[in-house]
Each structure stands twice: as C-alpha cells, then as structure tokens.
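What follows is a single structure, and I will ask about it in a moment.
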Amino acid sequence: MNTIEQLHGAFARAFEIPVEEINDQLEYQSISEWDSMSHLVLVQELESTYNISIEMEDILEMGSVAKIRDILKKYGYEIN
C-alpha cells in the first residue's frame, strides 16, 4: 500500500497536525510545526512507514511534500 494517504499520515504523525492539512504545496518551515527538529521526526516516520534508510543527501533535499514524493521514488515507492 503506497498511497498518498499513507504518506500524508506519516506527515501528520510527525508534525502532530490533522492529515487534512497535508498537501503537495506544504514546504519546510511554511508551518510552525515543520522546523529542524520535527524534520528529523518526519525522517524517522518515513523510514518506519516505508522500511527504508534515507541517505543524508536526500534528508537535506526534503523541502516539500512534492519533493519527498520524488525522493521516495528513488527508494522504490511511487506515491499516488
């Protein structure tokens, strides 16, 4: 199950916000909940959700929901 709902759930858990607030336009530091500390929580959520280990280079590139969807493709997850 590689759905957009699964991805949005990881964001919602990491930032402790309603899943309805997550969309592809959401960007790092565009909301107060997405700061440097919660970014690391998000990485942990994504790694747990998708059973992957995200490389540091990719972690630094994770600046938006849309970009993270692109990065997950590298790990074999096409999110629709």
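The values are calculated or read from the model by the stated rules, or taken from the named source; none is laboratory data. The model shown is predicted, which means the values in this text are computed figures rather than measured ones. Glycine gets a Cβ as well: all are built from the backbone with ideal geometry, and neighbour counts include every protein chain shown.
Looking at (1) at positive phi; (2) touching a Gly at 6+ places or on another chain (Cβ under 6 Å); (3) not hydrophobic (A, V, I, L, M, F, W, C), can you tell me which one Y28 breaks?
That leaves (1) as the condition not met.
Table: residues versus (1) of a type in the set (G, A, S); (2) over 12 Å from the mean Cα position of the chain (by Cα).
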{"position": "I31", "(1), (2)": "no, yes"}
{"position": "M37", "(1), (2)": "no, yes"}
{"position": "A66", "(1), (2)": "yes, no"}
{"position": "D70", "(1), (2)": "no, no"}
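Return the total of residues in region 71-80 being under 15 Å from D24 (Cβ atoms) and either at pLDDT 95 or above or basic (K, R) (or both).
Within region 71-80, the first condition is being under 15 Å from D24 (Cβ atoms), and the residues that meet it are 71-73, 78-80.
Then keep just the ones that are either at pLDDT 95 or above or basic (K, R) (or both); that gives 71-73.
Result for region 71-80: 3.
Let me confirm something: among E61, E21, which residue is in contact with a Lys or Arg (Cβ under 8 Å, 6 or more places away or on another chain) and surrounded by fewer than 18 Cβ atoms within 10 Å (Cβ to Cβ)?
On the way: E21 fails: in contact with a Lys or Arg (Cβ under 8 Å, 6 or more places away or on another chain).
None of the others qualify; the one that does is E61.
What's the total number of residues in region 1-11 that are buried (at least 18 other Cβ atoms within 10 Å of the Cβ) and either free of Cβ contacts under 8 Å to residues at least 60 places away in the same chain or on the phi > 0 side of the Ramachandran plot (or both)?
Filtering region 1-11 down to residues buried (at least 18 other Cβ atoms within 10 Å of the Cβ) leaves 7-8, 10-11.
Subsequent filtering for residues that are either free of Cβ contacts under 8 Å to residues at least 60 places away in the same chain or on the phi > 0 side of the Ramachandran plot (or both) retains 8, 10-11.
Count: 3.
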